[in-house]
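The values are calculated or read from the model by the stated rules, or taken from the named source; none is laboratory data. Computed from a predicted model, the values in this text were never measured in an experiment. When we count neighbours, we look across all protein chains shown, and the Cβ atoms used for this are built from the backbone with ideal geometry, even at glycine. Protein only, heavy atoms only, side chains kept; ligands, DNA and RNA dropped before computing areas. Shrake-Rupley method; radii C 1.70, N 1.55, O 1.52, S 1.80 Å.
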Amino acid sequence: QVQLVESGGGLVQAGGSLRLACVVSGITLDDIIMGWFLQAPGKEREFVAASRLSDGWTFYSESATARFIIDKDYAKNTVYLEMNSLKPQDTAVYYCAAKTFWGGGWTLAYNYWGQGTQVTVSS
């Protein structure tokens with residue numbers, strides 16, 4: 001059974017950094033495409049970034065490009081979202097998600113989800 005457990009959210013000032021972690025169990029990292037999404041209050045869930053972990057092929061949203069980085073630790077079976085130069089508009093609940101097939105491209109058809117972690121950026 002595949003499970004994703006997130007951690008690392010919190011309160012940070014604008015311009016600061018946070019690193020979110022997604023611990024993956026029940027499957028090896030090279031077998032999944034890992035995506036990160038956010039959902040701000042009253043808004044729909046948005047795509048942030050995703051990576052095909054077997055070869056590191058990665059895609060970022062326009063907002064995340066040049067600020068966020070996906071990284072992984074095979075020993076811990078964990079994927080990270082390093083978030084830098086944070087802005088108040090980055091405030092949201094962040095979710096990691098995984099899928100084992102390419103169908104849906106970078107942004108759709110994820111079938112495993114973490115519980116979410118709150119990120120709050122103060123101005």
Options 6, 44; residue that is more than 18 Å from residue 122 (Cα to Cα) and out of contact with any strand residue (DSSP E or B) (no Cβ under 6 Å at 6 or more places or on another chain): 44
Name the residues in the range 87-104 that are under 21 Å from residue 18 (Cβ atoms) and open to solvent by 10 Å² or more (accessible area, probe 1.4 Å), would you? 87, 88, 89, 91, 93, 95
Would you check which residues across the range 6-22 are in a strand (DSSP E or B), open to solvent by 50 Å² or more (accessible area, probe 1.4 Å) and not hydroxyl-bearing (Ser, Thr, Tyr) and list them? 11, 13, 19
Quick one: which strands (runs of 3 or more DSSP E) sit completely within the range 23-67 and have at least 1 residues that are touching a Lys or Arg at 6+ places or on another chain (Cβ under 9 Å) and among the aromatic types (Phe, Trp, Tyr)? 33-39, 57-60
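Sort out which residues of the range 23-79 are among the charged types (D, E, K, R) and either loosely packed, with under 12 Cβ neighbours inside 10 Å or at positive phi (or both), and write them in order of number.
30, 43, 44, 55, 62
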Quick one: how many residues across the range 9-56 are among the acidic types (Asp, Glu), touching a residue at least 12 places away in the same chain (Cβ under 8 Å) and within 24 Å of residue 86 (Cβ to Cβ)? 1
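Looking only at the range 70-123, filter to residues that are of a type in the set (Val, Ile, Thr) and in a loop (DSSP other than H, G, I, E, B); which one of those is farthest from residue 44 (Cα to Cα)?
Residue satisfying both the conditions and the ranking: 100.
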